[in-house]
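Below: one structure, written as structure tokens.
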Ligand SMILES: [Zn+2]
């Protein structure tokens, strides 16, 4: 038997209680379930009801609960008509440490929480739990009350792995791993621009899409604090999208290395674990004899396929003119081990201190082996430190490093 009922039965007989439950349900024309009715009766009897907060992961259909949470997202209100009367309804996604749920507001209440309230803390008292499409909903009925709390402290900085689909006005601190080319497009007769940027913090990365004016920002190779971005699911993964209010601040320059060492940690080469990012330090032992230039898609930078002199990119389709991309493989050495390291594109140019074009021109003059020997002489013994990601080389099964950022 439920605790509340037990308490009421200390004051009323079974019959009296049953009568009262019937009375209540009739009064609310069937809209009230038994638990909610018990709640109202207990209140009338002056029984003290323990006002404990319920966490969102433990909401159960039919309960009346008190909840403390944070507004993630406020959806536009919808109008509806029921029995000839017009009404409004608004859904609000909230979260706490354990999960998320929708808060459903009706009619004049819909005006009390607006989109700008995203990120604010909210307290709900005596909300009724329902379920819709497998998702818990909190409905304000009868004695329900809610209370918005103004944010006292400055906006919380989120870790990338804490971001939830639908979250708005987020602030994150991250490092730019890659910047993709600015793209122009036309939609509904209007021209637009977008730029994708891959951001990373600790061990997780996320794509940030900057729209229109924001896409023009010059950002490469920086640590940024970015505020007022929205999270939503892209084709495969969660993405961040800029809004009109998005602000991007560069953190102090010249601190990149320090920041990275704090953030990712340094590792000796014999302690490398596949899948991890860390700061590697060592010297270049020798350049491997591999093809240096590859055809890639000029749009997305991915490798392409060639058939009868026609080039195809899996993502972008047919390509008129492929781009050459530098791919360099070398052995890195520290006191503990020797490990193969791959480096691509601009970063490979930095390692070799040659541009892709210079290498391309050389390939017309001398054979690859000679180029490698020449380059090897120039870079052998060079000390480098960089942000590395350890991965498994699927051809030989060995662990290798990918140089993600030179420090
Ligand atoms: Zn492509």
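Bear in mind that the values in this text are calculations on the coordinates, not laboratory data. The shown structure was predicted, so the numbers you read here are calculated from the model rather than taken from an experiment. Cβ sites come from the backbone with ideal geometry, for glycine too, and all protein chains shown count toward neighbours.
Relative contact order (percent) for the chain, with alpha-carbon contacts under 8 angstrom and 6 or more residues of separation?
Result for the chain is 9 percent.
Measure nothing but the geometry: give the 0 to 90° angle between the long axis through the Cα atoms of 34-44 and the longest principal axis through the Cα atoms of the chain, rounded to 10°.
60
In what order do 105, 9 fall by count of nearby beta-carbon atoms within 10 Å, going from fewest to most?
By the 10 Å Cβ count, ascending: 9, 105.
I need 330, 386, 185 ordered by Cβ neighbour count within 10 Å, fewest first.
Ascending number of Cβ neighbours within 10 Å: 185, 386, 330.
Need one word for the range 140-190: rounded, prolate or oblate. Basis is the Cα gyration tensor (sqrt eigenvalues a ≥ b ≥ c); a/c below 1.5 gives rounded, then a/b vs b/c decides.
oblate
Sequence gap at least 6, Cα distance under 8 Å: using those rules, report the relative contact order of the range 1-50 to the nearest whole percent.
43
Which order do the peptides 297-303, 359-365 take when ranked by the mean count of other beta-carbon atoms within 10 Å per residue, highest first?
The densest-packed peptide leads the list: 297-303, 359-365.
What does the extension gain come out to for residue 27 and residue 132, with contour length at 0.36 nm per residue minus their alpha carbon separation?
Result: 35.3 nm gained on full extension.
Per DSSP H run of at least 4 residues, take -39500 (n - 2.57); add these up for the chain, divide by its residues and hand me the 222 nm value, nearest 500 deg cm²/dmol.
Computed mean residue ellipticity for the chain: -5000 deg cm²/dmol.
Which shape class, rounded, prolate or oblate, goes with the range 311-381 when its Cα gyration tensor gives a ≥ b ≥ c as root eigenvalues, a/c under 1.5 marks rounded, and past that a/b bigger than b/c marks prolate?
oblate
If each residue of separation counts as 0.36 nm, what is the full-extension length gain between residue 350 and residue 338 once their alpha-carbon separation is subtracted?
That pair, residue 350 and residue 338, stretches by 2.2 nm at full extension.
Classify the range 236-350 from the C-alpha gyration tensor, please: rounded if a/c falls under 1.5, else prolate or oblate depending on whether a/b exceeds b/c.
Verdict is oblate for the range 236-350.
Once both axes come from the Cα atoms, what is the angle between helix 356-365 and the longest principal axis of the chain, in degrees from 0 to 90, rounded to 10?
Computed tilt is about 30 degrees.
How long is the gain from residue 394 to residue 302 if the chain were fully straight, where each residue apart is worth 0.36 nm and the alpha carbon distance is subtracted?
31.3 nm
At R0 = 41 Å, how high is the FRET efficiency between residue 288 and residue 247 if r is their beta carbon distance? Nearest 0.05 is fine.
0.40
Order the peptides 313-323, 262-272 from the highest to the lowest mean number of other Cβ atoms within 10 Å of their residues.
262-272, 313-323
In the chain, what % of DSSP beta bridges are antiparallel (nearest 5)?
90
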